[in-house]
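S.K.: Submitted below is the structure of interest, expressed as structure tokens.
The values are calculated or read from the model by the stated rules, or taken from the named source; none is laboratory data. Nothing here was measured: the structure is a model prediction, and the numbers come from that model. Here the Cβ positions follow ideal geometry from the backbone for every residue, glycine too, while neighbour counts run over all protein chains shown.
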Amino acid sequence: MIERSRPSTALLAAAALFVLGIPAGIARAQPATAAADLARSEVHALAVQGSVYMLVGAGGNITVQIGDDGVLLVDTGLARMSGQVLAAVRKLSQRPIRYIINTHVDADHTGGNEVIAQAGSTIAGGNVVGNIGASAGSQAAILAFQAVLDRMASPSAGQAGAPQGAWPTETYTTAERKLFFNGEGIQMLHIPAAHTDGDTMVFFRRSDVISAGDIFVTNGYPIVDLARGGNIQGVIAGLNRIIELAIPADEQEDGTLIIPGHGRLCDVADVVFYQEMVTIIRDRVADMVKRGMTLDQVEAARPTRDYDPRYGSTTGFWTTEKFVAAVYQSLKR
Amino acid sequence: MRKPIRCTHTAALCASLIGAGLACFPAWAQEDPSGSWSPRFHEDWLERIPGPEIGDYAGLPINDAARLRGDSWDATLIELPENQCRAHGSDYGWRGPSNLRIWPEVDRATQRVIAYHTHLSAYGAEQTIWMDGRAHPPEYARHTWAGFSTGEWDGDSLVVTTTHLKENWIRRNGIPRSDLATARVHLMRHGNYLTVAVLVYDPVYLTEPFMRTTDFVFDPQQQMAPWPCEVVDEVDRAPGIVPSHLPGQNPFLEEYPAKYGIPPAAARGGAPTMYPEYMLELKRLPRLPRPAGGAAQP
């Protein structure tokens, strides 16, 4: 006797759907929306290329470079996401976390500095201990432009500082700092007065990946933090620098990949669209400033209205109105 | 000796299992689109080959934001080094002066079609249409000119759903299609003819779905030329310059309605201009005087 298992209701329903000819695609008509909900609640890793990965869901995007030398992170996300970030890093590599590079001072990019640095260790010796004290080997080094340390340690009135454990342990004050780690050259490029006055873009030369920080985001207009030394001209200079550095492959696609401060993984063609948008808006506002228009008049003219359905916002921290005001005030300085 | 499998369940279950089995293989009604296809340009020839006129938005269901993008667009944008080799999006590429090749990728063991691949000669653009039921990538994955496409059969038509597109054209005169759009493409083969119907759903720049069709003829003797593209410095221009017209200052927008005797309001496009009943409205709208030298052929 042949025993037959009783088919489940779900199986029967699925089979019936085939018979009725209902396409399976209907069930996944909105795949991106479901993925977006998931991404907002969990930290996800995305392989970029070469030795580089991108972590999303922890606040700002985090770049992870792995190899025999250990782990290097660009930014650390929100403080409350540190545990999930560490867990995600450990799925990629069990090697020690050696370096953290901060692209700028914002808490959604540096909030995890303290916890994640303490989970790692720098290779101490030579002049390394001398540079940063006896604790050099007890945590990962935190590298940033000098202004990041200044603003964490001595915040301006009304702005939050950061616990000492989150402060950069090594800073630079020049246009560029170089590092060789995991078999590739890494350039830290300072972009003056852009999103803030302490911005660093990180270029992984062998992997061919640029970690842009908040100079480039895909989910809104660029945030110009005037109170922390930002300026729209610097943002555009930063976008132009990415375009200058990146080399696309066929069809102006692929080649150098760019990890934005927020949003999806990109290549240089995406940066070009964004740079064109920001430059066109800057040029419109500059023309209005030249004609003597006040901020109220500029806002009433809505110089961003063709890009608002894609990048604008009337709610939240960074509204279209604030962006236009920041562009206007940048150009008046 | 193996016992024959007997259907002892209900008739409905038997029918379901047979149906599920048939779903594993192409049904008889499915028209395999594979082959070499030659484009036909009788449809929208003026727009596709000479190229659309500046300020011609007629027949496009666009919103004011798209209209201003078009008004601001300066054709010299294309000559920037970073834009010279930019491919068309896979929703637009069918319209180009492109020979088309479609071929299946078949799993050897099961003989199931895993994917269809397309190659268009313009820019050498390729698209993969996954037929194996895989999910679309998450929101944070890359967007490409081709996008990420999955296909399924609807009767004898192959219906392709594409997400993860980069920004591209609705019309090649600055009217954009955003990177948040979804395209649904119907490949309909009728013997030696292939009709590709593209529906674009763009929450950013369209007020209604936009549909257009493009036709191809089976051409097994067709040659597919390579399409290398080298970036050259066409104009000595400082880096960072983005050519555009300031709002209200594009001097070319009235040339198109004047040249063809079309009411300027109609040239501005919008969903109503897509529909046949708009012909009645056209008769009521004022027109510009035609330029000296005679009227252009519509």
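S.K.: Check every one of the strands (runs of 3 or more DSSP E) wholly within the range A:71-179 and list those with 3 or more residues that are surrounded by 15 or more Cβ atoms within 10 Å (Cβ to Cβ) and without any contact (Cβ under 8 Å) to a residue 60 or more places away in the chain.
M.R.: The qualifying strands (runs of 3 or more DSSP E) are A:141-145, A:170-172.
S.K.: For B:P220, state whether it is in a loop (DSSP other than H, G, I, E, B) and within 11 Å of chain A (Cβ to nearest Cβ).
M.R.: No; evaluated as a whole, the condition is false for this residue.
S.K.: Among the residues of the range A:222-243, which ones are within 17 Å of the chain's Cα centre (by Cα) and away from chain B (no Cβ under 14 Å)?
M.R.: Of everything in the range A:222-243, those that are within 17 Å of the chain's Cα centre (by Cα) and away from chain B (no Cβ under 14 Å) turn out to be A:P222, A:I223, A:V224, A:D225, A:G230.
S.K.: Could you pull out the residue among A:R282, A:R333, A:R305 that is out of contact with any strand residue (DSSP E or B) (no Cβ under 8 Å at 6 or more places or on another chain) and modelled with pLDDT under 95?
M.R.: Being out of contact with any strand residue (DSSP E or B) (no Cβ under 8 Å at 6 or more places or on another chain) and modelled with pLDDT under 95 holds for just one of A:R282, A:R333, A:R305, which is A:R333.
S.K.: A follow-up question, please. Return the residues of the range B:208-240 that are more than 28 Å from the chain's Cα centre (by Cα) and either at pLDDT 95 or above or at positive phi (or both); say none if nothing qualifies.
M.R.: B:G240
S.K.: Moving on. Pull up the range A:263-294, narrow it to residues that are within 18 Å of A:T218 (Cβ to Cβ) and among the small types (G, A, S), then point me to the one that is surrounded by the fewest Cβ atoms within 10 Å (Cβ to Cβ).
M.R.: My answer is A:G263.
S.K.: Same structure, new question: If the requirement is being more than 21 Å from A:V148 (Cα to Cα), free of Cβ contacts under 8 Å to residues at least 60 places away in the same chain and in a strand (DSSP E or B), which of these qualifies: A:I280, A:I247, A:I258, A:I243?
M.R.: A:I258
S.K.: Is it the case, given these coordinates, that A:G213 is in contact with a helix residue (DSSP H, G or I) (Cβ under 9 Å, 6 or more places away or on another chain), more than 14 Å from chain B (Cβ to nearest Cβ) and closer than 21 Å to A:G57 by Cα?
M.R.: yes
S.K.: A:T314 versus (1) in a helix (DSSP H, G or I); (2) more than 9 Å from chain B (Cβ to nearest Cβ); (3) polar (S, T, N, Q): which is the lone unmet condition?
M.R.: (1)
S.K.: Among the residues of the range B:143-185, how many are out of contact with any strand residue (DSSP E or B) (no Cβ under 8 Å at 6 or more places or on another chain) and within 11 Å of chain A (Cβ to nearest Cβ)?
M.R.: Selection size over the range B:143-185: 3.
S.K.: Since A:L12 meets every condition but one in (1) modelled with pLDDT of 95 or more; (2) touching a Leu at 6+ places or on another chain (Cβ under 8 Å); (3) not hydroxyl-bearing (S, T, Y), which condition does it not meet?
M.R.: (1)
S.K.: Every residue in the range A:207-240 that is of a type in the set (D, E) and part of a loop (DSSP other than H, G, I, E, B), please.
M.R.: A:D208, A:D225
S.K.: Follow-up question, since we're still on this one. Filter the range A:285-327 down to the residues that are within 28 Å of B:R177 (Cα to Cα) and of a type in the set (S, T, Y) and list them by number.
M.R.: A:T304, A:Y307, A:Y311, A:S313, A:T314, A:T315, A:T319, A:T320
S.K.: I'd like the full set of residues that are crowded, with 19+ Cβ neighbours inside 10 Å and at the interface with chain B (Cβ under 9 Å from one of its Cβ atoms), limited to the range A:252-262.
M.R.: Correct list: A:Q252, A:E253, A:L257.
S.K.: Something else now. Taking the range A:317-333, which residues are under 19 Å from B:A65 (Cβ atoms) and in a helix (DSSP H, G or I)?
M.R.: Correct list: A:T320, A:E321, A:F323, A:V324, A:V327.
S.K.: Same structure, new question: Need the failing condition index for B:G70 against (1) over 17 Å from the mean Cα position of the chain (by Cα); (2) of a type outside the set (A, V, I, L, M, F, W, C); (3) assigned to a loop (DSSP other than H, G, I, E, B); (4) at pLDDT 95 or above, just the number.
M.R.: B:G70 satisfies all of (1) over 17 Å from the mean Cα position of the chain (by Cα); (2) of a type outside the set (A, V, I, L, M, F, W, C); (3) assigned to a loop (DSSP other than H, G, I, E, B); (4) at pLDDT 95 or above except (3).
S.K.: Would you say B:Y201 is closer than 27 Å to B:D74 by Cα, modelled with pLDDT of 95 or more and within 11 Å of another protein chain (Cβ to nearest Cβ)?
M.R.: yes
S.K.: Does the range A:190-206 include one or more residues that are away from every other protein chain (no Cβ under 14 Å), outside any loop (DSSP other than H, G, I, E, B) and of a type in the set (S, T, Y)?
M.R.: yes
S.K.: Could you list, in sequence order, all residues of the range B:91-121 that are among the hydrophobic types (A, V, I, L, M, F, W, C) and either more than 25 Å from B:S38 (Cβ to Cβ) or buried (at least 17 other Cβ atoms within 10 Å of the Cβ) (or both)?
M.R.: If the condition is that a residue be among the hydrophobic types (A, V, I, L, M, F, W, C) and either more than 25 Å from B:S38 (Cβ to Cβ) or buried (at least 17 other Cβ atoms within 10 Å of the Cβ) (or both), then B:W94, B:L100, B:I102, B:A109, B:V113, B:I114, B:A115, B:L120 are the ones that fit.
S.K.: Related question: Pairs, please: C-beta under 6 Å, at least 6 apart or cross-chain, first residue farther than 18 Å from A:Q329 by Cβ and in the range A:290-318, second of a type in the set (K, R)?
M.R.: A:D306/B:R69
S.K.: Those residues that are part of a loop (DSSP other than H, G, I, E, B) and either more than 14 Å from every other protein chain (Cβ to nearest Cβ) or touching a residue at least 60 places away in the same chain (Cβ under 8 Å) (or both), I need them from the range B:249-258; list them, please.
M.R.: Scanning the range B:249-258 gives B:N250, B:P251, B:F252, B:L253, B:E254.
S.K.: Moving to a separate point now. Mind checking which strands (runs of 3 or more DSSP E) fall wholly inside the range B:149-208 and carry at least 2 residues that are surrounded by fewer than 18 Cβ atoms within 10 Å (Cβ to Cβ)?
M.R.: B:182-190, B:193-201
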